[in-house]
Structures are given as structure tokens and as C-alpha cells.
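Student: Supplied in C-alpha cells, the structure appears directly below.
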Amino acid sequence: MRSMLRSPRHPVGHTPRVRTSVTRPVRLVGLSLAAAMVLAACSGGGDAAPAPAPAPSAPAPVPAAPPAEPFFEGARIEVIIPFGEGGAGDFWGRTFANALPNYLAGSPRVGAVNQPGAGGLNATQSFFQTPNPDSSSILFTSFSIYIPWILGAEGVDFDLSQMQPLLGIPANNVLSVRGDTGITSAADLLTTSGELVFGGRAPDNGADLLGYLSLGVLGLTDRIDVVYGYEDLGGLDLAFEQGEINVLQRATSSFVALYGDRVSSGDVVPLYSYGLIGPDGNLIRDPGLPDVPHLGEAYELIYGRAPSGEAWDAFLALRRITGPLGFAFWAHQDAPEEAVAQLREAVVAMIGDPAFLTDEVNARLAGYEFEYGDAMILAADALSSLSDANRSWIRTFMLDTYGVTF
Amino acid sequence: MFLELLTDVSFLGFVFVGVLVGTVVGLLPGLGGSTGLAVLIPLVFGLDPRIAIALLIGMLAVTTTGDSFSSILLGVPGTAGSQATIIDGYAMSRQGRGATALGAAFMASMIGGVVGAIALLALVSFARPLILALRSPELLMLCLLGILTVALVSQGALIKGLVSAALGLGLGVIGPAPAAAGGRFTYGSLYLFDGISVIILTLGLFAIPELTRLMAAGQRIAETHRLDSSHWRGAGEVLRHPRLVAQSATIGIGVGMVPGLGGHVVDWFAYGAAKRTVKGNTFGEGDIRGVIAPEAANNAKEGGALIPTLLFGVPGSPAMAVFLGALMLFGIYPGPSMLRENYGLTAAIIVTLVIANIMATGLCLLVTPLGARITRLRIEAFAPALFVVFAFAAFQVTRSSADLLLLFLCGGVGIVMMYLGWSRIPLVIAFVLVGPIERYLLLSYGRYGWAWLTRPIVMGMILFMVLIVMSPLLQRLRRGRRA
């Protein structure tokens, strides 16, 4: 073994050390390595990174009555985004993190950090399990994280009902088909023939689940095939473009941005959205797509009567739960009362400030209303309100139709 | 509107900052292109979009230039796409010709990058039909071709390469399944649930064994006593092989354009093609053309990868995925509508690419003599520091001690493979391609049933692959018949 490790051409023992011409580069190498390490260290956590420049129009702090003792005086808060950089959720996470110091008493430093992994479950798990009595972390979630928890999936070790909500942003998806299928409205779905293929990422993907449920509600599980395996939304978009799939589900704001002009030309036909929840608890149309029926109306278009039955009950229940807090910010279950109260006050001030509502924010909001205050707390409580009957219906449906266990 | 930016000094300044960051990131082994971009995104959020894009493009364009330092000087891939450079580049470095190799690498990178940018300009309007024709079955075939190519060109017998690839496929399976719940071979560990990190695998397989070998032997990297410090000569050498550069850049653009293939195999395709087409080559023993080919392809692929990114909003490589996310953060949604309404932005991106490539080359060439001196340092002088850098890079993955444990385990595997003469490169390539292969296979069968095999492009590629594997056999038969 020893002979393998040494080259026979070089004698054993030291060669005399060559002086300055070699040691200077060593120092320079060391210096540049150190500099690079500092740079790399700046990537992790918001700590060492310089605070990013504020949004184009610097928001003016709203003069609410300052609390006697600002809880976050001199503090540092980390907003945890459980997805990769640059996603749709990233925008909300970072916008929130940038704006918060201007409204929160004590003007703490707030930075956003991405912790992707396991569809957001890793970061949520670690947030929940790490003690946080000084409320120095805030979690950002999307509803794809709620689904495994709501359905009682295996391996979920966090409890959303203990976390304290700060702000909610509704989310809605729209289901469309390619124009070349000849389908112009939901009513055509059962009267046309021709292959219909829905593209999904993974069968247990929380974001795709509502899509499958909607197919169940409309009785289309035999009519529309599902193909899984697309890596991400970009892959789905491309496949839709190619015609490899011809049924696509997309979030409303992305759909309008990406496909808006092709809807006008008839190349892409939105059939229905999952609907937002109106004041009486029933589905209403998406304000960003006022001409697109919601799922209940799509059912009527096909069958000529209002929807009913177990599938519809389960869908509506799940929609009521996941719609209002499609995206949400949460304080830790350990966070003390005054911290949460001050955070919530800051949120109210923030979303009421016209300077915060830039064009970009409004475009992303796509006509929805922020969820805050009591309505938001009720919505958060509702997350655990899915009835056992509905839950078991959903689990059975997914198992029988698509072979998926949660 | 955007074209005015090009005369704006502050804009160019920001491009330079991006270039600087990109070069440093590419230089350090283990911090790949997409890692560097991810570092920059938090910093750019909130800046003017045009400035942010300048930074990001500057960064993106040049990680594939700076990575040559690590590949050539240390034999450790700086980014995933510069592994092929190691074969001849590191060999040259050990012959004391590291500066020449670096000069050639940078010049080839620059020309490749510029050609890639021009191709982007020319093709972005025409590439649509080609990209639309490449569906899941065709993409699957391309991935398989990638593995075959690597097994072929890596040193040693083809069968060893394939076994190494099989090992890589096995390791790649660990982690989440592409379209099912739960993980595979994760044994309940949350760490393994996300799979093995390619960064740690690469560092462990290449960096650790090489440093270990050098330290055990007490050698310098360059075994000769005189350094050949002619990086300008190396750069000039590139200009004497225009056809090779053009061929490699074309391969880079073509492969870069294919969404989902990733940036890992493009340099291998170029290297493999060069090995077959360059007459009288001594590839594997320090042939400068073995450096020129992969480096030109590597940079050209960034231009190619921008085509599906801008055309469809589908990332052509992992770094593009992060870039795309950044664009969307600024409300810029690439796609056919963007090209129609915002062609100025596209043009600005292309020109920025060109400028960034040129800046990076200049920067790297200036630093080359200093860098090449490292190969003359006694290994004990800097190897411990390098180990720390590798451990640091590994630790960035999840910032837990499991990262370091995995690094040492992979290092162990790497050392064994090195001393037994099994090429590690097919392992890594197969490892990164497992995800796409399984995904495309699932999609191909799910969507088309067995009919996916009878699609014309698929059949053509199967035939092509069979011919490649059979060609040494056929040659032997022909020789036998003549004798």
C-alpha cells in the first residue's frame, strides 16, 4: 500500500523550503479564500447580509399608538420561506420581510431566508420543533403544506393549530384546456371525445389535490387521464405548450400573467376556477378572472342542477379551509401575547398603507383581499375543522382513483 | 429603452460586480452556478430590475469560466459542467503547463460564451419547433445518451464505465420518489429524505482522494520543477483550432437548449465528439484540445439554456431555474408574450452575456499566473486549508454535521475507486441523471404506453446508441476480415 502512495521518482524526506516567491502567493490564496468564505457565509440566514434596499416607493410608517414597551426593540427576526429562491411564494415572503420593520414597533431587523426541502415540510417541522420564546422566527406557508397535515398524512410532526397566524393571502387555481381540444366551456367536457390528459407533479402533491378532487366532483375521473412526474410548473407549462398534456391547473395570478393573451386568442380555454369563499361561505368567482365560472357553476353547466353529494361536500369543506389562507405568515406557538399582538398591529398598518400596495403587490394580489384580524384567526381555526367524514372520503377517493395513500 | 443601459456606466459596473461574484463562486469547488445565484437573489430583491438582471446575468455567464481554476489546477470540478476539463487540464497542470491550460480554457470559454449569445439572438425566434418536438420520450433518450457518452469517454473499459454508472444510478435513487409519496432507502432519516447532495458527492469523490493522494506522496501538483507560465500562448492556441471551437460551441448550444438535461453532460458530449473527430489526438495525456472542447461547450450552453428559459419560461439548466425565479420576482414572465412585447429586454440580456463573458475572461487571465503558482506550492502548505474549504462547502448544504459525515463517506468511496482504477465520472453523471430519467420514463409510459418506443426520434436515437456501442466490435470484425 505504501508503495502505491508514493511516486518512485521523488525521494523520501523533505525538499528545502523555497522562500518568499512561494509564501506570498500562499498568503494571497489564504486571503482570497477567506474573502470567498465570508461571501458564502452571507448566503445563509439574514444575519450577515446587508439589508436589501426597500421597495421602490419607500413606505412611510403609519403613526399607530406606540406600545409602552416595543417587544422587538433591537431584535432580529427571520422570515422562513420553506421553498426555493425565486418561487411565487418567495415574493410574498420577501415583500413582507422588507416592509415589516417600517410598521413594527421597535423597528427590528427582518430578513428572509429560504429553507427548501420535502415540499416545505422540512422547514415547517423544524420551525415547530425549535423553541422560539422571543418570536425571532416567522414562518411563511402555502396551502400545499396544510394538506398533508389536514389529511393526517404520515410523517407530519407539526401542529398548525398551535401556531399563531399573522396575515393571510387567498389563493385560487384555475383549470384550463388547450383550444385544439375543441372544448369551449365546461359543458363540452362530457359531450366531446378525444384524449384529455391532466398533468400533475406527484399524486400526493398538496397543491394538485384540489385539481383531482374537482375531477371527482364533476365525475370526470374516467374522462380525463392523469399523468404524473412533471418536475415543476415550468415542466407542466412546456408540456401544455407541446400538447403532451392538454389540461392544466395554474394559480390565478400566474395564469393571467402567462396565458392571458392566449385566452383572448382562443388557444387556451379556462374552464373553471376552484372558487373563492364568499361572505356566506359559498363559492364565488375569482375577481381576477370574472368571466370564468367557479366549480359549482361548472357542475351546473354540465349536469343542469346544483352540485351535491359526498364529493362536493368534501371539496367545499376543503376549499373553505384552504382558500382564505392560501399563503400565510405564522408566529411560533411559544411567541408571547404582546409579541403577537404587536406583530398583528404592524400587519394591519402595513396592508392599510397605500405605499405598501405598489403595482407589483396589487398584481400579485390579483383582486383578492388580505386576511387579517379576527377573520384570519377564524380561518386559521378552521384549518383543523375538516370533518372525519370528509377526510376519510378524500383519502378513500385518492386511494381508489389514483392509488395514493396520505 | 434597455439598450440605453449599455452605455450606462453604473449598469456596466453592476455587470462587473456580478462577474466578480460569479468568478469567485466558480473558482471555489463545490459552490456551483445555481448556488451562487441563490446567494445573490436575497441581495438583489428590492433593487431596480435592470440592475438586478445585470448582476444576475453577470454572475450566470461566468461561473462556467472561473470553474476552470479548480478543475485544471486541482483536479476538482469547480462546477458540474467542467468535469471533462479535468482529464486533460489537470494532466497539463501536473506537467507544469497549468498556465497554458488555463489560458486556453478562458479563451475557449469566452469564444464559446459569445458564440452562445449570438446563437441565442439568432435562434430564439426559430427554436420553438425544435423544443416543441422534444417531449418526454425524446428527453429520456437524450439522458440515456448522456450516460452512454460518459461511459465511453471516461478512462478505462466501457464495461467498467457502465458499472460505475450503475452505481451512480443506485445512489441517485436514494431520496424522494419523483411521483409517489415517501422516500426510498431513506431509512426514516430526514436528512436522506432529500437525497444525497451532488455537491457533497462530487467533493467527496474527486477532491478528497486527489488531495489525499498528493498529501500521502508529499508531492506538488506540478511534478516538474519549472512552470510553463505562458497563459497568453494557451489563449492564442485556441485561435488555431477554429473548427473545434465552433463544433464544441454548437454542441453546447444544442444541448443547452434542451430543457431538463441539465448542465452536467454538455462538456462530455463535446469532449466525446472532439475525441472522435480530432485527428492524431492525445486526449487524456494533456492535449490542449481536450481543454478547449469542453470549455467552449460549457459557456456556450448558458446561451443555449437561455433559449427555452426566455422562450417558454422553462429553465434549460439548474442555474436557469434560479434565474427564472428571480425574473418572476420582478414580475417579468418569460414566454412568447415577453418576446413580443419586451424584445428590448431580451436584447439587453444577450448583450450583457457577451460583455460579461469578455470581462470574466480578462479577469481570469489576469489572475492566472498567480493561480498557476499554486501547482508549485508544496501540498502541505495549502492542503489543510483546502480541506477546510471543502468541508465548508459541504456544510453549506444543510448546515448539519450529517453533511460532513457524508463528505467523508463519499471521500472513502472516491479513494477506493481511484486506487482501483474505476472511473468516478460515470457515477456522478448517472447520479444526477437518475431524477430526469425516472421522471421521463414515468411520463413516457404514462402518457403513451409502449408506443413511446416507436416515436421516430426515439427510434433514431436508439439506433444511434446501438451503433456507438457496436462500433468497436464492427471495426474488429472488419479488420479480421481483411487479414
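Student: If you average the sequence gap of Cα pairs under 8 Å that are 6 or more apart and divide by the length of the range A:229-291, what percent do you get for the contact order?
Tutor: On the way: 27 pairs, mean separation 12.2, N = 63.
Worked out over the range A:229-291, it gives 19 percent.
Student: Of the DSSP beta bridges with both residues in the protein assembly as shown, give the percent that are antiparallel, rounding to the nearest 5.
Tutor: 60 percent
Student: Which value, in Å² rounded to 10, gives the accessible area of B:V354 with a 1.4 Å probe and all protein chains present?
Tutor: 40 Å²
Student: Over the range A:210-356, what is the mean sequence separation of C-alpha contacts under 8 Å (at least six apart), divided by residue count, expressed as relative contact order in percent?
Tutor: Computed value for the range A:210-356: 19 percent relative contact order.
Student: If you don't mind, another one. Taking the Cα centre of each part, how many Å lie between the range B:446-473 and the range A:336-376?
Tutor: If you average the Cα positions of each part, the centres end up 56 Å apart.
Student: Return P(r) of the range A:231-306 (all Cα-Cα pairs; 5 Å bins starting at 0; whole %; ordered from short to long distances).
Tutor: 3, 14, 22, 23, 18, 12, 6, 2, 0
Student: Turning to a different aspect of this structure: What percent does the relative contact order of chain B come to when contacts are Cα pairs within less than 8 Å and at least six residues apart?
Tutor: 27 percent
Student: Given Cβ point charges of +1 (Lys, Arg) and -1 (Asp, Glu) and nothing else, what value in debye, to the nearest 20, does the dipole of the range B:52-187 about its Cα centre take?
Tutor: In total the dipole reaches around 140 debye.
Student: Near the amide H of A:L196, under 5 Å away, which other amide H atoms are found, from residues 5 or more places off or on another chain, if H is placed in the peptide plane?
Tutor: A:D225
Student: Return the whole-Å distance between the Cα centroid of the range B:231-301 and the Cα centroid of the range A:169-248.
Tutor: First find each Cα centre; the distance between them is then 42 Å.
Student: Kyte-Doolittle mean at least -0.5 and Cα extent at least 18 Å along the axis: which DSSP H helices of chain B qualify?
Tutor: Values: long enough: B:9-27 (26 Å, 2.43); B:49-68 (30 Å, 1.16); B:98-123 (36 Å, 1.93); B:136-153 (26 Å, 2.15); B:158-173 (23 Å, 1.82); B:242-257 (22 Å, 0.90); B:289-312 (35 Å, 0.37); B:343-373 (45 Å, 1.67); B:379-395 (23 Å, 2.14); B:401-420 (29 Å, 1.99); B:425-448 (33 Å, 1.19); B:456-482 (36 Å, 0.91).
Result, helices passing both filters: B:9-27, B:49-68, B:98-123, B:136-153, B:158-173, B:242-257, B:289-312, B:343-373, B:379-395, B:401-420, B:425-448, B:456-482.
Student: So, one more: Could you please put B:F283, B:F106 in sequence from largest to smallest accessible area, using a 1.4 Å probe? Before the final figure, lay out each step's value.
Tutor: On the way: B:F283 20, B:F106 0 Å².
Highest to lowest solvent-accessible surface, that is B:F283, B:F106.
Student: Now for a separate question. Using θ = phi - 60° and the Karplus relation 6.51 cos²θ - 1.76 cosθ + 1.60, list the HN-Hα couplings for the range A:351-359 in order, rounded to whole Hz, with x at every Gly or Pro.
Tutor: Per-residue couplings from phi come out as 6, x, 8, x, 5, 6, 7, 5, 4 Hz.
Student: Moving on. Can you order the peptides B:54-60, A:373-379 by their average number of other Cβ atoms within 10 Å per residue, highest first?
Tutor: Ranked from most to least packed, the peptides come out as B:54-60, A:373-379.
Student: Any idea which of A:I183, B:Q247, A:P116 is furthest toward the positive side of the dipole for the protein assembly as shown, if Lys and Arg beta-carbons carry +1 and Asp and Glu beta-carbons -1?
Tutor: So the residue we want is B:Q247.
Student: While we're on this one: Return the long-range amide H neighbours of A:I277 (sequence gap of 5 or more, or a different chain), with a cut-off of under 5 Å between placed amide H atoms.
Tutor: It is A:I284, by chain and number.
Student: Based on the Kirkwood radius over alpha-carbon pairs, what is the Stokes-Einstein translational diffusion coefficient of the range B:103-143 at 37 °C with 0.692 mPa s viscosity, in µm²/s?
Tutor: 268 µm²/s
Student: Using only the alpha-carbon atoms of chain B as identical scatterers, what base-10 log of I(q)/I(0) does the Debye formula give at q = 0.11, 0.12 Å⁻¹?
Tutor: -0.89, -1.07
Student: Express in Å², to the nearest 10, the accessible area of B:Y343 obtained by rolling a 1.4 Å probe over the protein heavy atoms while all chains stay in place.
Tutor: Counting only protein heavy atoms, B:Y343 exposes about 100 Å² to solvent.
Student: Which one, A:G168, A:V156, A:S387, projects farthest toward the positive side of the charge dipole computed for the protein assembly as shown from Cβ point charges (K/R +1, D/E -1)?
Tutor: Sorting the options by dipole projection puts first A:V156.
Student: Could you check how much of the accessible area of the range B:209-313 is carbon and sulfur, as a whole percent, using a 1.4 Å probe?
Tutor: Ligands and nucleic acids excluded, carbon and sulfur reach 55 percent.
Student: Charges only on Cβ, +1 for Lys and Arg, -1 for Asp and Glu: so what's the dipole of the range B:331-410 about the Cα centre, in debye to the nearest 20?
Tutor: It works out to roughly 220 debye.
Student: Output the Cα-based Rg and Dmax of the range B:115-255 in Å, rounding Rg to one decimal and Dmax to a whole number.
Tutor: Rg, Dmax (Cα atoms, Å): 21.3, 58.
Student: Evaluate E = 1/(1 + (r/R0)^6) for A:L399 and A:D313, where r is the Cβ-Cβ distance and R0 equals 22 Å; express this FRET efficiency to the nearest 0.05. Please list the in-between numbers first.
Tutor: Numbers: r = 18 Å, r/R0 = 0.83.
Working from the Cβ atoms, E equals 0.75.
Student: Any idea of the accessible area per residue across the protein assembly as shown, 1.4 Å probe, to the nearest Å²? Write out the running numbers ahead of the final one.
Tutor: Numbers: 34890 Å² over 889 residues.
About 39 Å² of surface per residue is accessible.
Student: Further, regarding this structure: Please name which of A:P279, B:V258, A:G403 has its Cα lying farthest along the dipole of the protein assembly as shown towards the positive end, using unit charges on Cβ (Lys, Arg +1; Asp, Glu -1) and the Cα centre as origin.
Tutor: Of A:P279, B:V258, A:G403, it is B:V258.
Student: Just checking the output field for A:233-245: average partner chain Cβ neighbours within 10 Å of each residue's Cβ?
Tutor: Per residue, the average neighbour count from other chains is 6.
Student: So if I take the alpha carbon set of the range B:383-466, get Rg, then get Rh from the Kirkwood formula, what is the Rg over Rh ratio? If you can, show how the numbers build up before the last one.
Tutor: Numbers: Rg = 19.5 Å, Rh = 16.4 Å.
For the range B:383-466, the value is 1.19.
Student: With every protein chain left in place, what is the accessible area of B:M465 in Å² (1.4 Å probe, nearest 10)?
Tutor: Roughly 30 Å² of B:M465 is accessible to a 1.4 Å probe.
Student: Shifting gears a bit: Debye calculation, C-alpha points only, no solvent: report log10 I(q)/I(0) for the range A:300-367 at q = 0.11, 0.12, 0.19, 0.27 Å⁻¹, in the same order as the q values.
Tutor: Here the Debye-derived log intensity ratios amount to -0.53, -0.61, -0.93, -1.18.
Student: Give the share of C-alpha pairs in each 10 angstrom bin for the protein assembly as shown, from 0 to the last occupied bin, in whole percents, shortest bins first.
Tutor: 2, 12, 21, 24, 20, 12, 6, 2, 0, 0
Student: With all protein chains present and a 1.4 Å probe, how do B:R233, A:R391, B:R128 order by accessible area, largest first?
Tutor: Accessible-area ranking of B:R233, A:R391, B:R128, largest first: B:R233, B:R128, A:R391.
Student: For the protein assembly as shown, give the magnitude of the charge dipole about the Cα centre (Cβ charges: +1 Lys/Arg, -1 Asp/Glu; no others), in debye to the nearest 20. The partial results should precede the final answer.
Tutor: Numbers: 55 positive and 64 negative charges, 1214 e Å.
That gives the protein assembly as shown a dipole magnitude of about 5840 debye.
The values are calculated or read from the model by the stated rules, or taken from the named source; none is laboratory data. Since the model is a prediction, treat every value here as computed from it, not as a measurement. Heads up, the Cβs are rebuilt from the backbone with ideal geometry, glycines too, and the neighbour counts pull from every protein chain shown. Please note that ligands, DNA and RNA were not included when accessible areas were found on the heavy atoms of the full protein model with its side chains. Shrake-Rupley method; radii C 1.70, N 1.55, O 1.52, S 1.80 Å.
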